[in-house]
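Everything on this sheet refers to the single structure shown next.
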Amino acid sequence: MRKLNLIAALSVALVAPLVAVAHEGEHFLAGELGDPKQPARVIKVNMREDGKKMLFEPAHIIIHKGEQIRFVLFNEGSESHEFVLATFEENKKHAELMKKFPKMEHDDPNAKRLTPFTEDEIVWKFTKRGTFEYACLIPGHREAGMHGTIDVK
């Protein structure tokens, strides 16, 4: 039991700095959780494997600052995949943490994990200009090509 408590405490100590980095006040660096009751442009994002490659379609999206997007996510692959929306640096740090804790589940408004042949969505409002990334942070998936970019103009 002591080992489990130590592991839990260590996990919290490692994850807490990531949560602090991901937020500026109540907003994420890539924007904020959208309002599902408000109009939104729908962007369908497919997750899949192609041989040893893993990818998102589309791999590049252009959005206007202030625009609300309803990402409709579909995992058409045979493995579980994630959609984590953040900055490149945030995703890189989180990916390293995921290597240490590969079964880590997300309960963040900017992330969804989908099992094969399932669909989910994220409603997101882009409040800042910049280039952001969506990636699958399950160990090995980002390295196999499972990432895309969002340019907010």
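The values are calculated or read from the model by the stated rules, or taken from the named source; none is laboratory data. Note that this is a predicted model, so its numbers are computed, not measured. Cβ coordinates were reconstructed from backbone atoms using ideal geometry, including for glycine residues, and neighbour counts include every protein chain displayed.
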Checklist entry - Residues in region 26-45: is at least one under 15 Å from Leu137 (Cβ atoms), in a loop (DSSP other than H, G, I, E, B) and either of a type in the set (A, V, I, L, M, F, W, C) or modelled with pLDDT under 90 (or both)? => result yes
Next on the checklist: Can you find a residue that is among the aliphatic types (A, V, I, L, M), in contact with a helix residue (DSSP H, G or I) (Cβ under 7 Å, 6 or more places away or on another chain) and at negative phi anywhere in region 128-135?
Outcome noted: yes
Next on the checklist: Could you check region 59-80 and list, in sequence order, the residues that are in a strand (DSSP E or B) and more than 17 Å from Trp124 (Cα to Cα)?
Outcome noted: Asn75
Next on the checklist: Among the residues of region 106-125, are any in contact with a Ser or Thr (Cβ under 8 Å, 6 or more places away or on another chain) and either at positive phi or aliphatic (A, V, I, L, M) (or both)?
Outcome noted: yes
Checklist entry - For region 94-104, does any single residue satisfy the condition of being assigned to a loop (DSSP other than H, G, I, E, B) and either at pLDDT 95 or above or among the charged types (D, E, K, R) (or both)? => result yes
Next on the checklist: Going through Phe117, Phe56, Phe132, Phe83 one at a time, which residue ends up being assigned to a loop (DSSP other than H, G, I, E, B) and touching a residue at least 40 places away in the same chain (Cβ under 8 Å)?
Outcome noted: Phe117
Checklist entry - Assuming Arg48 fulfils every condition listed in (1) farther than 19 Å from Lys153 by Cβ; (2) in contact (Cβ under 8 Å) with a residue 40 or more places away in the chain; (3) assigned to a strand (DSSP E or B) apart from one, which condition is it? => result (2)
Checklist outcome for this item: Residues of region 93-127 being farther than 20 Å from Glu143 by Cα and aliphatic (A, V, I, L, M), in sequence order, are Ile122, Val123
Checklist entry - Where residues in region 135-153 are of a type in the set (A, V, I, L, M) and assigned to a strand (DSSP E or B), which of them is nearest to the chain's Cα centre (by Cα)? => result Ala135
Item to check | Number of positions in region 112-136 that are surrounded by 14 or more Cβ atoms within 10 Å (Cβ to Cβ) and over 19 Å from Glu76 (Cβ atoms) | outcome: 9
